[in-house]
Amino acid sequence: MDTINTQNLYTNAFGDQYFQEINHTAFDTVGATSTFNKVFNQVLDQENMLFIIVGSDSGLLVPYLQKYHSDRGRHYILIDKPEILSYINTNIEIDESLVSLESENINFSDLSERYSDYVAHGRYTLLRSLSVIDSKNDLYRQLWEITLDKYNIFSASESGYAINNIFIDSQLKSLSSNSTPVSKIENALNATTAVIMGGGPSLDDSIDWIKTNQDQLVIFAAARIANRLKKEGIQPDFFVTVDPHAVSYDNSKPMLQFGGSAILIHSNNANNKLIAEWSGVHAYLGLMFPWVDGKHPQPDNLNIVGPTVTNTMASVASYLGAEQVVFSGVDFCYGEGGKSYESESVESKTGKYLDTATNRVKTYSGRIAETTPSFANARQGMEELVAYSVEFFKSRFYTLSQEAALIDKVEYSRPENIQLPTQTKAETINNIKEALSFDLKTYKTHLKEAKSYCQEMRDLCRTVIKESRQGKKIAQRLFKDLGETDKLTQQIIALQKDLNTQMGPHAEFIFNYSIKAYKDFMNPSIGKEDMTRDQIKDSFTHYFSGLINSATPLKKSIEEAISRLNHRIKEAAGTKYFDQMVEKWHELHEEGRPIVWMKMHGFSMEDLTQEQQEAVQTLLDTYHQELTSNETRLSQQLKSQGENMANQFDRIHRYFIENRPYDLEELINYIAEQGGDNAKDLCHLGTGYLYELKEMPNDAVDQFVQIKEEKLLMEGLKRVVNITLDKKDYQTALNALEVLTHYSDEYFIAYADILAATGDGSGAAEIYLHYLDRNEKDTATWIKLAKLLIYLGLQDDAIQAINKIKEIDPDNIVTDELMNLATRPKN
């Protein structure tokens, strides 16, 4: 059944109305409020947060959130089945300023606009309702999985905005290299067939076909596969790189060996060291400058299409006019057996299961494959790009792998069925290289104009910082002397107006440069008419503080860009500033830059003095040593990821709850082969899970009790409790719980529950009291204790427990019923 029957409404002893099909017996013992308090009180104790909750627990979460968690700038989105949303809208009063209802078809991309205050500042999270946590209903388990996939993609997409300044800083560092836009060669690939070579596992299956037909194929390659191409004897036409991070250099540096033969297309904010050391022709994507105004027109250009380099390559190939675009190694998912990259990659040589693959995609073969949130987001982005390119560029798209993630409008084809052009690509590629060829005079003009524009923006930042500091001082004096309030307020308003005039079209850019400058004090309630004096004062103070905290590092970044531009201006002067250039190349760790500099001026080593030759050779020796080094940041990072116990546990646990015995067994074998500090315990846990899936409970328990590592032992013992309770082996369950109580007080409750259920009421009461002595505000457990004491006939103790419940939660309606039971005359 795909729907919930909303006719079967159940009312418990506490007056809660819910559907047992959804929540079963979750609220029978202590009622919804006490149960919710235990589950949600701590996690919801966060200011200015957007909580996205999967499931509404038969609608009961709506009044609970509105009554107990309605302040401090919080907002809630409850996602549920259509029939439950209809029931809520008909029967429950909703405060729409606090709670929003969404169906299972929620479009997460809309949240950025609808809840911009939360999303832009990273103040959102996904939670499970009790119906999902308990997993008693398959519909809610499925709803969680579908929503989690969407949320992971959304979160991966939004995460870049939280570190906006990293991309801007990198763009400013690369400004001196961003002199030739890709638009200069628009439509240069008309009537060609382009192959997009990514680093996915399916590259291994089609690389021979590419090698055989490389004269007819315009080859776009991710920089990360350069060594593989050299090994295979394949000459790429285009390398594409987009990542600004330092690890990107390690991953992409092999492409530098193709500087004399290939073309580099790079984002405007790609790793600046990589671009600085590229010795061939190149062109940039996106805007030349990270800011825009009407006084300084920027070249029209192809925008950067992400989030991965394969998305960018496909975008460039279509923009340049390729008639057919063929994907090889563009998989966006794991291959069978956990393989995630082509066989010669650092990842494949480091191991399998290196990333957190929490999402699922369907492949062309029909297989449901694992993928990461980043790859899932990239697949979605590629689907949108392909749809656009098919409509506007009339390109046709093919994939050569049945094991790649399914993408709409990308057709699977066997390599031999791809119809190749009759002419070779040689003339086309030579024409592109000629169009992008370096011109020293044009380059000098670019450097001069870029420096002048940067100086204007630096001066603007200085003005913003100065006036914002003045405004902050005034704001901090507000309401200290009420007689000065009007005057100070007018001064603040005048300063804000002047700042907005000064910043003009750059205001939003300066504000957004450092989003985190606003994150910690963002308050969605600011601007409401009922603001207190403190809120008004804080809003002004935070406005000016945010500007200071954003404009200050921006000014520093622009000053660094000016310094780099000055350095490049000296490079363009030949040998005049040679000693200063060498010093700067060392400082910037651009040891390969002398190759570019000599090519710029047509120098050979013989054109330099002996001293200059020695200085250049010292730099180049370091450069070549770096190029041949295999122990890179990337390999170290990947090795750490692969050995991380938390990552391995998450995958083991996910395979268990998703009932995937084949994948679980393969993962256990892999961990055993790899070894490591916790390999044996992870294998015990995984094997215990595997035996559970195979319905071999005794063997499962035997594996769980052999675990030594504490965190893994806790997981194992929790499974022991579940297994032994199902078998009614209460003593073994109690033994496991006794060990667990050493790690967390919460297990005392389950221990007491079992004692009570097996007839040891006094023992259970003693354990409940022991727990409540440490956790006295746990209403749910006080209710359990009161019920037990009534059952045991301990009237005075029961009344004392009931009064304690009234003290903690005066509105709890269960206390009246409990008091009636406790004071009822004995027969």
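Side notes on the structure shown:
- For the range 694-733: span of alpha carbons on each principal axis (Å, largest first): 27, 22, 11
- Selection from Thr308, Ile52, Gln171 lying farthest towards where the dipole of the chain points positive, charges on Cβ: Gln171
- In terms of accessible area, using a 1.4 Å probe and ignoring ligands and nucleic acids, Trp782, Trp278 rank largest first as Trp782, Trp278.
- When only alpha carbons of the range 293-340 are considered, Rg and Dmax amount to 16.2, 56 Å.
- Here's the picture: a label point sits 7 Å out from the Cα of Lys599 along the beta-carbon direction, and within the range 216-230 nothing has its amide nitrogen under 15 Å of it.
- Summary value for the chain: 10 percent relative contact order, contacts being C-alpha pairs under 8 angstrom separated by 6+ residues.
- All C-alpha to C-alpha distances of the range 100-212, sorted into 10 Å bins beginning at zero, yield P(r) values of 10, 22, 22, 26, 15, 5, 0 percent in whole numbers.
- Note on the range 1-160: the C-alpha convex hull projects to 8.9 nm² when averaged across all orientations.
- Applying the Karplus relation 6.51 cos²θ - 1.76 cosθ + 1.60 with θ = phi - 60° to the range 777-789 yields 3J(HN,Hα) values of 9, 7, 4, 4, 6, 4, 5, 4, 5, 4, 4, 5, 5 Hz, where x marks Gly and Pro.
- About its Cα centre, the dipole of the chain is roughly 2260 debye, where the only charges are +1 on Lys and Arg Cβ and -1 on Asp and Glu Cβ.
- Share of carbon and sulfur in the accessible heavy-atom surface of the range 140-201 [1.4 Å probe, %]: 50
- For the range 431-491 and the range 727-771, distance of Cα centres in Å: 65
- Solvent exposure of the range 386-525 as accessible area per residue, Å², 1.4 Å probe: 59
- Inter-site label distance for Leu588 and Gln731 at 7 Å from Cα along Cβ, in nm: 7.7
- Value of D in µm² per second that Stokes-Einstein yields for the range 59-121, Kirkwood Rh from Cα pairs, at 37 °C (0.692 mPa s): 261
- For the range 1-151, the Cβ-based charge dipole about the Cα centre amounts to some 340 debye (Lys, Arg positive; Asp, Glu negative; other atoms uncharged).
- In nm, spacing of pseudo-spin labels at Asn41 and Asn8 (7 Å Cα→C-beta vector): 3.3
- Quotient of Cα Rg and 2.2 N^0.38 Å for the range 713-790, N being how many residues it contains: 1.06
- Rounded to the nearest 10 degrees, the angle from helix 814-823 to the longest Cα principal axis of the chain is 20 degrees.
- Ordering 754-762, 269-277, 738-746 by mean Cβ neighbour count within 10 Å, with the highest value first, yields 269-277, 754-762, 738-746.
- Cα lying deepest toward the dipole's positive end in the chain, options Phe438, Gln142, His266, charges on Cβ: Phe438
- Normalising the Debye intensity of the range 38-94 to I(0), with uniform scatterers on Cα atoms only, and taking log10 at q = 0.14, 0.26 Å⁻¹ returns -0.37, -1.14.
- Packing-based ranking, highest mean first, of 536-546, 107-117, 477-487 given that Cβ atoms within 10 Å are counted: 536-546, 107-117, 477-487
- Note that the range 16-73 presents 35 Å² accessible area per residue, ligands and nucleic acids not counted, probe 1.4 Å.
- The distance from the alpha carbon centre of the range 208-237 to that of the range 267-340 is 18 Å, rounded to a whole number.
- Potential lengthening between Lys777 and Phe479 on full extension [0.36 nm per residue; Cα-Cα distance subtracted]: 103.4 nm
- Of the Cα atoms belonging to the range 354-500, the radius of gyration and Dmax stand at 29.1, 86 Å.
- 3J(HN,Hα) along the range 380-394, derived from phi through the Karplus expression 6.51 cos²θ - 1.76 cosθ + 1.60 where θ = phi - 60°, amounts to 5, x, 5, 4, 5, 5, 4, 4, 5, 5, 5, 6, 9, 9, 6 Hz, with x in place of Gly and Pro.
- Electrostatic dipole magnitude of the range 710-806 [Cβ: Lys, Arg +1; Asp, Glu -1; Cα centre; debye, to 20]: 280
- Length-normalised contact order of the range 1-149 in % [C-alpha pairs under 8 Å, at least 6 apart]: 27
- Convex hull volume per residue, computed on the Cα atoms of the range 642-712, equals 75 Å³.
- In terms of overall dimensions, the C-alpha atoms belonging to the chain reach 112, 78, 52 Å along their principal axes, ordered largest to smallest.
- Using the Cβ-Cβ distance between Leu821 and Ile493 with R0 set to 60 Å, the FRET efficiency works out to roughly 0.40.
- Accessible area (Å², 1.4 Å probe, nearest 10) - Trp585: 0
- Using θ = phi - 60° and Karplus 6.51 cos²θ - 1.76 cosθ + 1.60, couplings along the range 245-259 (whole Hz; Gly, Pro as x): 6, 4, 5, 5, 4, 4, 6, 10, 4, x, 5, 4, 5, 9, x
- Inter-part distance where the range 571-621 and the range 104-178 are each reduced to a Cα centre, Å: 46
The values are calculated or read from the model by the stated rules, or taken from the named source; none is laboratory data. All figures in this text were calculated on a predicted structure; none of them were measured in a lab. Please note: Cβ atoms are built from the backbone with ideal geometry, for glycine as well, and neighbour counts cover all protein chains shown. Accessible surface is based on the protein model in full, side chains and every heavy atom, while ligands, DNA and RNA are left aside. Shrake-Rupley method; radii C 1.70, N 1.55, O 1.52, S 1.80 Å.
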